[in-house]
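Novice: After the structure tokens below, expect a handful of questions from me.
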Amino acid sequence: RFFSTVFIELVRGVPLVTILFMFSIILALFLPPESRLDRLLRALLGMTFFSAAYTAENVRGGLQAVPEGQLDAAKAMGLNNFQTTVLIVLPQALRAGIPAIVGQFISLFKDTTLAIIIGISELLFIGRSILNSDPIVIRRQFEVFLFIAAIFWIFSYLMSSASRRVEVALGVGER
């Protein structure tokens, strides 16, 4: 419990850019030269590290939303701690945490543009590369960035829409 709390509070108190730098530069310094990780893998590890703390906090919030009476009812039915957690508590906690978890996924999807800082080609970098490749194309900046914005909006909307469908199917917000 102590390690989890320290991990969550430390990671949530540091910007994603800092964690990406740590995984890109500092991790490479501490590993032996023959076991160096690829830049993309280091960026993925950093983003996973970052999102794990936020997901843990979202699940914790969902766990706190489970009424105490549910635990009492599980004990009255004779369920042990493992059965109570798996069959009663986690389904309700994850159901309550769906909006926060999906919001975090959407935010993380948009934060992938920060990977350019550590030298990973991402969507905005590719758009800038297209603009810089030909002087004629540079006049089309609005169209290129509008297309990139549309891609981000479409994926964000699809995730949000899927979340709403799951919430309706599970009856989130209804008693």
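Novice: Roughly how many Å² of Asp72 are accessible to a 1.4 Å probe, to the nearest 10?
Specialist: For Asp72, solvent-accessible area is about 80 Å².
Novice: Where in the range 113-175 are there GluC sites (Glu not before Pro) that are in a DSSP coil and have at most 12 other Cβ atoms within 10 angstrom of their Cβ? Working shown, then result.
Specialist: Details: sites: Glu122, Glu143, Glu167, Glu174; in loops: Glu122, Glu174.
In loop regions of the range 113-175 (DSSP not H, G, I, E or B), the sparsely surrounded GluC sites (Glu not before Pro) are Glu174.
Novice: Heavy atoms of the protein only, probe of 1.4 Å, neighbouring chains included. What is the accessible area of Thr55 in Å², nearest 10?
Specialist: 40 Å²
Novice: Given the whole protein assembly as supplied and a 1.4 Å probe, what does the accessible area of Phe21 come to in Å², nearest 10?
Specialist: Here the accessible area works out near 90 Å².
Novice: While we're looking at this one, here's another question. Take Leu27, Leu170 and sort them by solvent-accessible surface of the protein heavy atoms, 1.4 Å probe, largest at the top.
Specialist: Largest to smallest exposure gives the sequence Leu170, Leu27.
Novice: Hey, if we sort Ile19, Ile106 by accessible area with the 1.4 Å probe, largest down, what's the order?
Specialist: Largest to smallest exposure gives the sequence Ile106, Ile19.
Novice: Expressed as a rounded percentage, what relative contact order does the range 44-154 have, with Cα pairs under 8 Å and six or more residues apart?
Specialist: In percent, rounded to a whole number, it is 22.
Novice: Taking a probe of 1.4 Å, how large is the accessible area per residue of the range 109-175, in Å²?
Specialist: Values: 4850 Å² over 67 residues.
About 72 Å² of surface per residue is accessible.
Novice: Indicate the gyration tensor shape class of the chain (rounded, prolate or oblate), computed on the Cα atoms with a ≥ b ≥ c the square roots of the eigenvalues: a/c under 1.5 is rounded; otherwise a/b larger than b/c is prolate and the rest oblate.
Specialist: In terms of gyration-tensor shape, oblate.
The values are calculated or read from the model by the stated rules, or taken from the named source; none is laboratory data. These figures come from a predicted structure and were not determined experimentally. Glycine also receives a Cβ, built like all others from the backbone with ideal geometry; neighbour counts cover every protein chain displayed. Each accessible area value is taken on the protein alone, full model and side chains, heavy atoms only, with ligands, DNA and RNA left out. Shrake-Rupley method; radii C 1.70, N 1.55, O 1.52, S 1.80 Å.
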